[in-house]
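**Student:** Below you'll find the structure I mean.
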Number of protein chains: 2
Amino acid sequence: MVTVKKTDRPAEDLKKKILEAARELFLKHGYEATSMRKIASAIGISPTAIYLYYMDKSDVMHALHSEGFFLLNSRFAVLAQVESPFERLKAMGRIYMQFAVENADYYRLMFILKEPMEYLDNHCHDEDWDEGEQAFYALINTVEACMQEGYFKDQQPHEAAMLVWSAMHGLVSMHLSGHLEHITHTKNIFPQPDQAMEQTFQSLITLMSKR
Amino acid sequence: MVTVKKTDRPAEDLKKKILEAARELFLKHGYEATSMRKIASAIGISPTAIYLYYMDKSDVMHALHSEGFFLLNSRFAVLAQVESPFERLKAMGRIYMQFAVENADYYRLMFILKEPMEYLDNHCHDEDWDEGEQAFYALINTVEACMQEGYFKDQQPHEAAMLVWSAMHGLVSMHLSGHLEHITHTKNIFPQPDQAMEQTFQSLITLMSKR
DNA sequence: TTGCACACTTTACACCGTTAACCTATGTTT
DNA sequence: AAACATAGGTTAACGGTGTAAAGTGTGCAA
């Protein structure tokens, strides 16, 4: 028989439904509020049925983890349009920042929570982080191009790239954790506390602009 | 009777014992592995007895949170010896980095985990974060002094200070989460992956050195 | 002696991730 | 057709979590 089987893989069908339910719960209520039991009841199956398709909770979350990197890289795609290296670097930072704010839970899963990282360590297939590494390579290349225009003098490309990433991650994660707002709101340090992240980002650009 | 009562405040005595047990468990096994039941059994009381002295788990953890800030500020004390503003800034960064590495769990509790922050928001006594804000003021002052020597040109002190803190926090938290090592080890980007954090720190100093 | 308040325990509830055992419908082999 | 095997679930259970409510014993005051 050569006809396409309707129910070729009902299994994979349920796997998708599980992931969809997990994503919906995760994006609505965050990591910890997304339990195996809730995922299961959302699609009307028993909690243990999930274990037929995923090894454990961290495996489910890892699937979302990968989705996040795909999303981020999709956003980075527009950077190909930006010719000037330094402008590209700035745009990259802005996209990164926007992604983190608009997809806070994804960001936490990708860069802050340790569970997906532990999954990678335990099940040791590194190809899953390829999307992440790919983005980092793009950053290094952009930094390298900036150096040819006189930026980041006396620096190594990979070190400068890591520095930029660190600064952006630090800024963004302090915003997401509430520490940034806590500091900027309680005392009269920042004239416009609401724009603390934006202003700090500008400050980074100013610092990097020096040649 | 004017004699000193032996059991003047057995209550506060037990409160201390609870905190000691919590600290020991926390520093040995981390936040999540420190449960109310384990704390209780460590000192031979029932789990619910803790609730006579602390509102909930986040309250207990908040006590350790405060300890962490006290510890960090103690380390910062030596900075008074450093006269040169820029040298002081560098030393501040190094101390911050060392503190994070040597007291990873404290650092997570202070700057990454959201539970202690939620406690502050819910129980709204801001004086607890004073130690944290104090440290940030010290950073602003140091940055301001650096500016008088020509550093951080075209920047606002509070913005530059926030930038420095963001960069340090980003660097340190990516180290603690394992992301930094993951990136630097898997591919041959960094010649000496083990010193990735140190080298990125140096890169920050190089960037800040420009006047 | 009675009564009461304090300090703590016991019990209980509603969750959690995960394992092991069980069921049942479908399809295949004998 | 009858027996069997397997896929694709289920139910029950274990050991854990934070926390609320009710119960208990002891010391002290009236």
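The values are calculated or read from the model by the stated rules, or taken from the named source; none is laboratory data. On a predicted model such as this, the values are computed, not experimentally measured, just so you know. Neighbour counts are summed over all protein chains in view; Cβ atoms, including those assigned to glycine, are modelled from backbone coordinates with ideal geometry.
**Student:** Looking at (1) in a loop (DSSP other than H, G, I, E, B); (2) touching a residue at least 12 places away in the same chain (Cβ under 8 Å), find the lone condition where A:F136 falls short.
**Tutor:** (1)
**Student:** What do you reckon, is A:I189 assigned to a helix (DSSP H, G or I), at pLDDT below 95 and within 7 Å of chain B (Cβ to nearest Cβ)? If you could, list the steps in order and put the result at the bottom.
**Tutor:** On the way: assigned to a helix (DSSP H, G or I): no; at pLDDT below 95: yes; within 7 Å of chain B (Cβ to nearest Cβ): yes.
Spelling it out, it is not the case that A:I189 is assigned to a helix (DSSP H, G or I), at pLDDT below 95 and within 7 Å of chain B (Cβ to nearest Cβ).
**Student:** I've got another one for you. Taking the condition of being surrounded by 18 or more Cβ atoms within 10 Å (Cβ to Cβ) and basic (K, R), how many residues in region A:92-139 meet it?
**Tutor:** Total meeting the criteria: 1.
**Student:** Then there's this: Tell me, yes or no, whether region A:14-33 has at least one residue that is within 16 Å of DNA strand D (Cβ to nearest atom), on the phi > 0 side of the Ramachandran plot and outside any helix (DSSP H, G or I).
**Tutor:** So far as region A:14-33 goes, no, none of its residues is within 16 Å of DNA strand D (Cβ to nearest atom), on the phi > 0 side of the Ramachandran plot and outside any helix (DSSP H, G or I).
**Student:** What do you reckon, is B:E83 of a type in the set (D, E, K, R) and outside any helix (DSSP H, G or I)?
**Tutor:** Values: of a type in the set (D, E, K, R): yes; outside any helix (DSSP H, G or I): yes.
The answer is yes for B:E83.
**Student:** Would you check if B:C124 is modelled with pLDDT under 95 and not polar (S, T, N, Q)?
**Tutor:** Numbers: modelled with pLDDT under 95: yes; not polar (S, T, N, Q): yes.
Yes.
**Student:** Same structure again: Which residue pairs have Cβ atoms closer than 9 Å, lie 6 or more positions apart in sequence or on different chains, and pair a first residue in region B:43-67 that is over 18 Å from B:N122 (Cα atoms) and away from every other protein chain (no Cβ under 14 Å) with a second residue that is within 9 Å of DNA strand C (Cβ to nearest atom) and of a type in the set (G, A, S)?
**Tutor:** Correct list of pairs: B:S46/B:A40; B:P47/B:A40; B:T48/B:A40; B:A49/B:A40; B:I50/B:A40; B:L52/B:A11.
**Student:** Oh, and also: Need pairs with beta-carbon distance below 7 Å; first residue over 16 Å from B:S46 (Cα atoms) and within region B:15-32, second of a type in the set (A, V, I, L, M) and assigned to a loop (DSSP other than H, G, I, E, B); sequence gap 6+ or separate chains.
**Tutor:** These pairs meet every condition: B:Y31/B:L113.
**Student:** Next up: Give me a count of the residues in region A:143-170 that are assigned to a helix (DSSP H, G or I) and either closer than 30 Å to A:E181 by Cβ or hydrophobic (A, V, I, L, M, F, W, C) (or both).
**Tutor:** Of all residues in region A:143-170, those assigned to a helix (DSSP H, G or I) come to A:143-147, A:157-170.
Filter once more, so that each one left must be either closer than 30 Å to A:E181 by Cβ or hydrophobic (A, V, I, L, M, F, W, C) (or both): A:143, A:145-147, A:160-170.
Looking only at that region, the number is 15.
**Student:** Taking only region B:186-204 into account, find how many residues are under 15 Å from B:V172 (Cβ atoms), surrounded by fewer than 16 Cβ atoms within 10 Å (Cβ to Cβ) and either more than 25 Å from the chain's Cα centre (by Cα) or of a type in the set (V, I, T) (or both).
**Tutor:** Looking only at region B:186-204, we keep the residues that are under 15 Å from B:V172 (Cβ atoms), and these are B:195-204.
From the residues that got through so far, the ones that are surrounded by fewer than 16 Cβ atoms within 10 Å (Cβ to Cβ) too are B:195, B:198.
Remaining after also requiring either more than 25 Å from the chain's Cα centre (by Cα) or of a type in the set (V, I, T) (or both): none.
Of the residues in region B:186-204, 0 are under 15 Å from B:V172 (Cβ atoms), surrounded by fewer than 16 Cβ atoms within 10 Å (Cβ to Cβ) and either more than 25 Å from the chain's Cα centre (by Cα) or of a type in the set (V, I, T) (or both).
**Student:** Of the residues that make up region A:111-131, is at least one touching a residue at least 12 places away in the same chain (Cβ under 8 Å), over 27 Å from B:M208 (Cβ atoms), assigned by TED's automatic domain parsing to the domain that holds A:E83 and hydroxyl-bearing (S, T, Y)?
**Tutor:** yes
**Student:** For region A:31-55, give me each residue that is within 22 Å of the chain's Cα centre (by Cα) and exposed (fewer than 15 other Cβ atoms within 10 Å of the Cβ).
**Tutor:** Hits for region A:31-55 are A:E32, A:A33, A:S35.
**Student:** Could you tell me whether region A:143-150 includes any residue that is at the interface with chain B (Cβ under 10 Å from one of its Cβ atoms) and surrounded by fewer than 21 Cβ atoms within 10 Å (Cβ to Cβ)? Full working, then the answer.
**Tutor:** Pass one, region A:143-150, residues at the interface with chain B (Cβ under 10 Å from one of its Cβ atoms): none.
No, that holds for no residue.
**Student:** Further question on the same structure: Out of B:A160, B:A80, report the one residue that is more than 12 Å from chain A (Cβ to nearest Cβ), more than 30 Å from A:E32 (Cα to Cα) and out of contact with any strand residue (DSSP E or B) (no Cβ under 7 Å at 6 or more places or on another chain). First the steps, then the outcome.
**Tutor:** Working: B:A160 fails: more than 12 Å from chain A (Cβ to nearest Cβ).
Answer to the check: B:A80.
**Student:** Could you tell me whether A:K153 is at pLDDT 95 or above, of a type in the set (K, R) and either in the same structural domain as A:V101 (by TED's automatic domain parsing) or surrounded by 17 or more Cβ atoms within 10 Å (Cβ to Cβ) (or both)? Before you say what the answer is, go through the steps one by one.
**Tutor:** Details: at pLDDT 95 or above: yes; of a type in the set (K, R): yes; either in the same structural domain as A:V101 (by TED's automatic domain parsing) or surrounded by 17 or more Cβ atoms within 10 Å (Cβ to Cβ) (or both): yes.
Yes.
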